[in-house]
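Structure, as structure tokens:
Please treat every number below as a calculation from the coordinates, not as lab data. This one's a predicted model, so the numbers in the text were calculated from it and none came from an experiment. Reconstructed Cβ throughout: ideal geometry from the backbone, glycine too, with neighbour counts over all protein chains shown.
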Amino acid sequence: MRGVEALLRWDHAHLGQVPPAQFVPVAERSGLILPIGQWVLQTACAQLAAWDQMGLPPLTMAVNLSPRQLRDPLLVEGIRSALSRHNLPAGRLEMEITESEVMQHLDADRGKLARLRDLGVKIAIDDFGTGYSSLARLMNLPIDSLKIDRSFISELEREGCARAGAITAAVLNMGIALGVQLVAEGVETDAQYALLSEQGCQVIQGFLTGRPMRPEALAIWLSSKAGESPPAASPQH
């Protein structure tokens, strides 16, 4: 177990659970994504600190960055402040940017990503394989990992879908050439895991390893995996 990813959900009193695909674009257009993003960042760092106090293994926390957040001139300072407030090493935080976003604004984003990397924060390219990256362009980006899009992973087991396997293998080879960590997203079955392992994939993420859960449930789950007695439930932030 190397890390977790922060998932944002909106539990509305009348609408029920509103999925991110509905509320994030609205927040992006209105500008509310900036205060929401700051809240997510602070909450994620606070949760890491709470798990540390419980004696759980040190995990990496991945947090997604939206295009609007990436344009924010106060982004780097906000991340620095959150890490300092909760006394966390920068390497425990991983910021995820989609491939399409970083390729569309490569020149503008490169400097911001470099500043985050200088801070010690890890950088991941999310949904990799769905955009139009080239090896030459990726070589100029300060990144630590590539996350292979789940659309390729879901096709691996289907009969006649050799193309998905070939694309996945190509992405893996690209990552190896770049010297970055490869993460396969959306891994749900043992067969998918076996195929990815054969191709040299280093890390997987998906329902095979665990389904989304609240912080206190994750603390108990992690302790059970480590063969320890479950600690007291962590505070929910």
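Values computed for the structure shown
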item: Simple Cβ-charge dipole of the chain, Lys/Arg +1 and Asp/Glu -1, about Cα centre, in debye nearest 20; result: 540 debye
item: Fraction in percent of alpha-carbon pairs per bin - 5 Å, the range 22-83; result: 4, 17, 26, 21, 14, 10, 6, 2, 0
item: Ratio of Rg to Rh over the chain (Cα coordinates, Kirkwood Rh, two decimals); result: 0.96
item: Simple Cβ-charge dipole of the range 64-155, Lys/Arg +1 and Asp/Glu -1, about Cα centre, in debye nearest 20; result: 380 debye
item: Estimated [θ] at 222 nm from DSSP helical runs (n ≥ 4, -39500 (n - 2.57)) normalised by residues in the chain, nearest 500; result: -14500 deg cm²/dmol
item: With eigenvalues of the C-alpha gyration tensor scaled by 5 and rooted, the range 21-150, Å; result: 24, 18, 14
item: Dipole axis of the chain (+1 Lys, Arg; -1 Asp, Glu on Cβ), positive-most option in L88, M1, F152; result: L88
item: The range 90-215, Rg to Rh (Cα coordinates; Rh as Kirkwood inverse mean 1/r); result: 0.98
